[in-house]
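One structure is given below, encoded as structure tokens.
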Amino acid sequence: TKSGCYFGKNCILATGGYAAKKTGSDGSGFIYAKKFGHHLSEPVPALVQLVAKSPFEKEMAGVRTAANVKVFADGVLLHQDTGEVQLTDYGISGIPVFQVSRFAVRAMEEGQRVEALVDVAADIKEDDLLSMLKCAVNTRKHQSVSESLSGLFNKKLVMMICKDIGIEGNSSASDIDDDICQKLVRHMKSLRYHITGYKGNDYAQVCQGGVDVSELNYNLESVDNHGIFFAGELVDIDGRCGGYNLQWAWSSGAVAAKSAFDYCNRQE
């Protein structure tokens with residue numbers, strides 16, 4: 001190490017990956033793993049915010065809405081999730097975005113074109129949504145479009161969608177015909193974001209990639225380097241939001257510790 005050499009009968013590598021560097025996860029464990037001859041799947045962020053190209057980022061900053069997020073790579077659906085999405089000045093965030101981000105990040109690393117479709121009315125069928133919009137604008141003709149839809153959708157969101165289809169959100173609801181209502185529905189069900197990048201490891205909740213699991217036995221011991229054990233984020237295992245990554249850290253730590261203890265006893 002930087003401070004000297006240490007000797008022992010065995011060793012547990014549990015240094016973390018790259019995520020949340022302020023906690024000490026500087027990726028040094030990957031260097032040690034490589035020196036022992038292990039192969040790594042390239043460590044990159046997972047459970048992270050996505051950077052998107054959109055003309056409305058600044059206008060939408062801070063808007064939160066229940067939505068479904070689908071992520072595509074070269075036109076192929078990779079993953080989807082539903083929950084509260086946050087629209088930001090750089091792209092999209094929130095738990096559903098985190099859930100799909102690992103797939104988006106890996107696809108971008110492989111040079112694929114990544115897009116996200118955000119459905120801000122995921123719990124409403126398209127026909128039902130059309131009926132709701134028609135009812136809202138027809139019963140509130142004296143109000144603006146954005147005012148007539150208040151209570152159904154965030155005002156900033158309505159203003160953005162209206163602008164996207166070529167009308168003013170402050171225009172009179174009496175000017176909204178069936179064709180415009182259908183356009184509003186289509187956009188609400190499929191806001192398209194061209195994903196251009198992702199936030200770095202300082203923002204990621206966890207890192208994907210790491211030591212190939214095929215090079216470890218069921219005790220999390222190196223197959224080729226007996227007495228070397230791995231735990232946590234160093235191993236190429238990552239999970240969804242919801243405590244799964246914490247559980248993997250605790251469970252793998254317990255297995256590695258018991259296995260190292262048993263190994264040490266066998267050597268005596």
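The values are calculated or read from the model by the stated rules, or taken from the named source; none is laboratory data. Note that this is a predicted model, so its numbers are computed, not measured. FYI the Cβ positions are ideal-geometry reconstructions off the backbone, even for glycines, and counts take in every protein chain you see. Side chains included, ligands, DNA and RNA excluded: accessible areas come from the protein's heavy atoms. Shrake-Rupley method; radii C 1.70, N 1.55, O 1.52, S 1.80 Å.
Looking at Tyr203, Tyr218, just one residue is under 15 Å from the mean Cα position of the chain (by Cα) and aromatic (Phe, Trp, Tyr), and that residue is Tyr203. Do we find a residue being open to solvent by 40 Å² or more (accessible area, probe 1.4 Å), in a loop (DSSP other than H, G, I, E, B) and of a type in the set (Val, Ile, Thr) anywhere in the range 33-48? The answer is no; no qualifying residue exists.
Taking the condition of being without any contact (Cβ under 8 Å) to a residue 24 or more places away in the chain and either crowded, with 18+ Cβ neighbours inside 10 Å or assigned to a strand (DSSP E or B) (or both), how many residues in the range 231-248 meet it? Residues in the range 231-248 being without any contact (Cβ under 8 Å) to a residue 24 or more places away in the chain and either crowded, with 18+ Cβ neighbours inside 10 Å or assigned to a strand (DSSP E or B) (or both): 1 in total. Checked against (1) in contact with a strand residue (DSSP E or B) (Cβ under 6 Å, 6 or more places away or on another chain); (2) closer than 23 Å to Ala257 by Cβ; (3) part of a loop (DSSP other than H, G, I, E, B); (4) not β-branched (Val, Ile, Thr), Tyr6 passes all but condition (1).
One residue stands out among those in the range 76-96 that are in contact (Cβ under 8 Å) with a residue 40 or more places away in the chain and not in a strand (DSSP E or B): the one that is most open to solvent (accessible area, probe 1.4 Å), which is Ile95.
Taking the options Asp212, Asp202, Asp179, Asp224, name whichever one is surrounded by fewer than 19 Cβ atoms within 10 Å (Cβ to Cβ) and without any contact (Cβ under 8 Å) to a residue 40 or more places away in the chain. Break it down stepwise before answering.
On the way: Asp212 fails: without any contact (Cβ under 8 Å) to a residue 40 or more places away in the chain; Asp202 fails: without any contact (Cβ under 8 Å) to a residue 40 or more places away in the chain; Asp224 fails: without any contact (Cβ under 8 Å) to a residue 40 or more places away in the chain.
Within the list Asp212, Asp202, Asp179, Asp224, the selection yields Asp179.
In the range 17-28, the residues that are free of Cβ contacts under 8 Å to residues at least 60 places away in the same chain and under 16 Å from Glu42 (Cα atoms) reach residues that are open to solvent by 30 Å² or more (accessible area, probe 1.4 Å) and of a type outside the set (Val, Ile, Thr) with C-beta atoms within less than 7 angstrom, at least six apart or across chains, in these pairs: Gly27/Tyr18.
Residue-wise test of (1) part of a loop (DSSP other than H, G, I, E, B); (2) of a type outside the set (A, V, I, L, M); (3) in contact with a strand residue (DSSP E or B) (Cβ under 6 Å, 6 or more places away or on another chain); (4) at pLDDT below 95.
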position: Ile167; (1), (2), (3), (4): yes, no, no, yes
position: Cys207; (1), (2), (3), (4): no, yes, yes, yes
position: Ser214; (1), (2), (3), (4): no, yes, no, no
position: Phe229; (1), (2), (3), (4): no, yes, yes, no
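Filtering the range 121-131 to residues that are surrounded by 17 or more Cβ atoms within 10 Å (Cβ to Cβ) and closer than 24 Å to Asp175 by Cα leaves Ala121, Leu129, Leu130.
Kindly indicate whether Ser101 is open to solvent by less than 60 Å² (accessible area, probe 1.4 Å), within 32 Å of the chain's Cα centre (by Cα) and in contact (Cβ under 8 Å) with a residue 12 or more places away in the chain. Taking the combined requirement at face value, the residue satisfies it.
Among the listed residues Ser144, Ser172, which satisfies the condition of being crowded, with 17+ Cβ neighbours inside 10 Å and touching a strand residue (DSSP E or B) at 6+ places or on another chain (Cβ under 9 Å)?
On the way: Ser172 fails: crowded, with 17+ Cβ neighbours inside 10 Å.
Residue meeting the stated conditions: Ser144.
Residues being closer than 24 Å to Ala19 by Cα, assigned to a helix (DSSP H, G or I) and in contact with a Pro (Cβ under 8 Å, 6 or more places away or on another chain) are represented in the range 104-116 by at least one member.
Taken over the range 104-120, the residue count meeting the criterion of being in contact with a Gly (Cβ under 9 Å, 6 or more places away or on another chain) and either open to solvent by 50 Å² or more (accessible area, probe 1.4 Å) or charged (D, E, K, R) (or both) is 3.
Would you say Tyr18 is in contact with a strand residue (DSSP E or B) (Cβ under 8 Å, 6 or more places away or on another chain), open to solvent by 50 Å² or more (accessible area, probe 1.4 Å), hydroxyl-bearing (Ser, Thr, Tyr) and within 24 Å of Asp164 (Cβ to Cβ)? Let's see the steps before the verdict.
Values: in contact with a strand residue (DSSP E or B) (Cβ under 8 Å, 6 or more places away or on another chain): yes; open to solvent by 50 Å² or more (accessible area, probe 1.4 Å): yes; hydroxyl-bearing (Ser, Thr, Tyr): yes; within 24 Å of Asp164 (Cβ to Cβ): no.
Taking the combined requirement at face value, the residue does not satisfy it.
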